[in-house]
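Taking it in order: structure first as structure tokens, then the write-up.
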């Protein structure tokens, strides 16, 4: 009943091919968009700066890996390194060409990261599966080493951890220490909305369909004329682009410094968790995964205090590790297709409700 | 390089010996991959966990041999628990799901081990000789020799087990296809327990070797990441490959660091193994001794 599609007539081709063909979905989207825009009005500084912004940024990274892993079936453990290249490239663009508007610098950084992604995607033609996963670890370790050992990337700064230059849009600071959290939040939100829209469309174009063909059976896809090299490399390029933009936003709008430790192997695993827990091959799942994986440790960390327990810091870190690991395993056992699948099931049920048969 | 052959030899030998350590960790990976098709990320943590238990039991007053037996029992109990709580419920899932599950396990074990035994560095001394001997002018650590001999012994036993016993055949069948193995009556659950227990044993041995050399500390599990390029060099499914890959990576990265590290600003050890493995894959995608992958539509 709630999701009744009967009577929702499509009378133009455009309506038939719309991203969200069901009226209720569109309504839900408008609702979410309105809520996201209104969030700075109601949320406190902490909720915006320490919860909402990282969730938004990690969603972009998760979409990036999902394009590669969920849609094209290529395992990558190098997302952290691609985020790092985005951050360092954006820093270089922003300092070398200060007259460029910041969004342009970030997009250029994404493009540069896409080029790097193509280079490290080259082995995917010869190797697949976990061999490829280990090969992408080469990107992870090599790129981070490169950024820490070549001083050009940090403009020969002595500490090696430079701060991004402050930038303004319409007179409001969006990076730097003076930038208010609501401005950073809205800036990130704009990027997320734009990139999500691109990704949703991308996966139903020819490119996205060739990715899925390669994922489902690469040899069969090759036989029907899909060129594996171009397909895989384009997946690596788009994936690296998204991760690069996420990394740039992370440095510029969240931690306010360009540092390698923010993008180590654990970051790669974090993104991988988001994609798997959220749902392989689902843009929505990338968001759900990002929300869950980003907020769950924070929740675990602050939960004992709510109940009035005083737990020493090192114990709580270890308990956090244990619970986090157990929850990952639990989610995989209960719903290996991720949280997006739970939403799909709920939606199917809502279509029939209240008459389940 | 040519003007100081003794120095080169020492560098190579030191590299080979740290390579043996990589091999021991890689061996655990190969075992589980070969016998169940699971890429077990938790192997590094299992090495740490075994070492922590071992050193913890010794510190609480147990004789080393008793502690060894007790730790082995713990590792077997652990593999039974993993089989019952995790693997049994994930039969026939995609490989990536199983891989993620092992990452979850590794998080759990990391927290669990440190809650019980604390996060401090603990020295471990089980009487592995620590003198040095000289071969002409070349210095060799006795502990390294000991580790090498142990690794060789382990590999021989495991290779024989896989090749000539019924259990070994069953292991290989399970690796090929869970469902097919089940349908011809191979008890999947038992096989999983056996292989994880053996991997736990290998982890314990590796943990003792590493622990005696560096002290038992968290960095053991991080260095285990080096076992991954070793795996792709040697091939995921080859036990001798794990050893030879380990030796190549160990010697290669030491030589690279000592002779060429300065040219690139140092610390190229961090990525040398990975880039080496990457180039190698272009020419031999299945690794040195890996099974050739045949694909059909």
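Read the figures in this text as sums done on the coordinates, not as results from a lab. Since we're looking at a predicted model, the values are computed, not measured. Neighbour counts run over all protein chains shown; Cβ positions are idealised from the backbone, glycine included.
With contacts taken as Cα pairs under 8 Å and at least 6 residues apart, the stretch A:1-131 reaches a relative contact order of 16 percent. Helical content alone sets the calculated 222 nm signal of chain B at -24000 deg cm²/dmol, taking -39,500 (n - 2.57) per DSSP H segment of four or more residues and averaging over every residue. Sorting A:76, A:159 from the fewest to the most surrounding beta carbons within 10 angstrom yields A:159, A:76. Note on the stretch A:22-69: semi-axes of the ellipsoid equivalent to its C-alpha gyration tensor, largest first and rounded to whole Å, are 22, 21, 5. Viscosity 1.306 mPa s, temperature 10 °C: give me the Stokes-Einstein translational D for the stretch B:45-106 in µm²/s, with Rh taken as the Kirkwood radius over C-alpha pairs. It comes out at roughly 123 µm²/s. Footprinting exposure proxy ranking of A:322, A:83, B:80, fewest other C-beta atoms within 10 angstrom first, gives B:80, A:322, A:83. For the segment A:273-281, counting C-beta atoms of other chains within 10 Å of every residue's C-beta and taking the mean gives 2.
Look at the stretch B:87-97: the mean tally of other chain Cβ atoms within 10 Å of its residues' Cβ atoms is 4. Eigen-decomposition of the gyration tensor built on the alpha-carbon atoms of the stretch A:264-325 gives equivalent ellipsoid semi-axes of 26, 13, 7 angstrom, largest listed first.
Rounded is the label for chain A, because a/c, from the alpha-carbon gyration tensor with a ≥ b ≥ c as root eigenvalues, stays below 1.5. I'd like the distance separating the alpha-carbon centroids of the stretch A:23-87 and the stretch A:310-349, in whole Å. Spelled out, the Cα-based centre of one part sits 19 Å from the other. Both the radius of gyration and Dmax for the stretch A:63-167 are 15.0, 44 Å, in that order, over alpha-carbon atoms.
What number, rounded to the nearest 500 deg cm²/dmol, is the helix-based mean residue ellipticity at 222 nm of chain A, given -39500 (n - 2.57) per DSSP H run of at least four residues and division by all its residues? So the calculated ellipticity at 222 nm is -21500 deg cm²/dmol.
Binning all Cα-Cα separations of the stretch A:1-111 at 5 Å, short to long from zero, yields these whole-percent fractions: 2, 9, 11, 12, 13, 16, 16, 10, 6, 3, 1, 0.
Here the ratio of the Cα radius of gyration of the protein assembly as shown to 2.2 N^0.38 Å is 1.01. Counting only other chain Cβ atoms within 10 Å of each residue's Cβ, the peptide A:113-126 averages 1. Ratio of Rg to Rh for chain B: 0.98 [Cα atoms; Kirkwood radius as inverse mean 1/r over pairs]. The alpha carbons of the stretch B:94-204 occupy a box of 59, 40, 22 Å along the principal axes, longest dimension given first. When the P(r) of the stretch A:116-187 is calculated, the portion above 13 Å amounts to 74% of the C-alpha pairs. Once you treat every alpha carbon in the stretch B:1-122 as an equal point and sum by Debye, what is log10 I(q)/I(0) at q = 0.09, 0.10, 0.13 Å⁻¹? One equal scatterer on each Cα of the stretch B:1-122 leads to -0.36, -0.43, -0.66. Fewest neighbouring Cβ atoms within 10 Å first, the residues B:237, B:150, A:136 line up as B:150, B:237, A:136. Counted over all Cα-Cα pairs of the stretch A:97-253, pairs farther apart than 20 Å make up 59 percent. Measuring max minus min along each principal axis, the C-alpha atoms of the stretch A:188-306 give extents of 59, 28, 27 Å (largest first). Over the stretch A:37-110, what relative contact order in percent results from Cα pairs under 8 Å that are six or more residues apart? Here the relative contact order equals 20 percent. Normalised by the number of residues in chain A, the mean separation of alpha-carbon contacts (under 8 Å, six or more apart) gives a relative contact order of 30 percent. Pair-distance distribution of the stretch A:246-357: all C-alpha pairs, bin width 10 Å, starting at 0; shares per bin in whole percent are 12, 32, 32, 18, 5, 1.
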